[in-house]
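Notes follow once the structure below has been shown.
The values are calculated or read from the model by the stated rules, or taken from the named source; none is laboratory data. Being a predicted model, the structure only gives us computed values, none of them experimental. Here the Cβ positions follow ideal geometry from the backbone for every residue, glycine too, while neighbour counts run over all protein chains shown.
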Amino acid sequence: MAERVWGVVVAGLGGQGVIKTSDILAQAAFDGGWDVKKAEIHGMSQRGGSVSSDVRFGPRVLSPMIPAGEADCLLLVDVGQLAANADRPRPDAPIITPELIDPSALTTRRALGVALLGVLSHLLPLEVELWQQAIRDNLAERLWSANLAAFDVGRSVDVRSLGATT
């Protein structure tokens, strides 16, 4: 494993699954053998307000918080949260937005966060099987099929235009 510490900010609105999306990311990294730290800012999440979660992983992570300008990727479940989080990623970091996903390809809109994780999976050093197991570990069995399919939708996105974090 490289000495690098990876940092991903997941942001959106309350009720969009931001925390669950970041839980899946953190679980995949943990199961991959990395030290993982996670921090959440809920704000007015119950009223549709801003929610963000920092996930950091690497050989040794000392803090869960990603300093401004140092996130390796910004994953937006709601593109309207870009302005509130614009200072979080590195200048060359990819920004993953819902516009990358064809909504008609999802069996449920509630799986959007998992579809965006499918896009993210191309940019991080985590095996596909780790992501799939983390989806199963974090969701009820009745949701597995739709969310694993959504993850595959995200995996089908061509990420070359986003830039790479590796």
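Annotations
- Meets criteria (touching a Phe, Trp or Tyr at 6+ places or on another chain (Cβ under 6 Å), under 25 Å from residue 37 (Cα atoms) and surrounded by fewer than 18 Cβ atoms within 10 Å (Cβ to Cβ)) for residue 90: no
- Pair list, Cβ < 6 Å and 6+ apart or interchain, from the stretch 70-96 residues that are in a helix (DSSP H, G or I) to residues that are among the small types (Gly, Ala, Ser): 81/11; 81/12; 84/50; 85/11
- Residue count, the stretch 12-30 (criterion: of a type in the set (Gly, Ala, Ser) and at pLDDT 95 or above): 4
- Residue in the stretch 111-132 that is at negative phi, among the polar types (S, T, N, Q) and assigned to a helix (DSSP H, G or I) present: yes
- Residue among 79, 114, 119, 128 that alone is surrounded by fewer than 16 Cβ atoms within 10 Å (Cβ to Cβ), among the aliphatic types (A, V, I, L, M) and under 25 Å from residue 50 (Cβ atoms): 79
- Of all the listed residues (58, 69, 33), the sole one being over 15 Å from the mean Cα position of the chain (by Cα), buried (at least 19 other Cβ atoms within 10 Å of the Cβ) and at pLDDT 95 or above is 58.
- Any chance residue 36 is touching a helix residue (DSSP H, G or I) at 6+ places or on another chain (Cβ under 7 Å) and free of Cβ contacts under 8 Å to residues at least 60 places away in the same chain: yes
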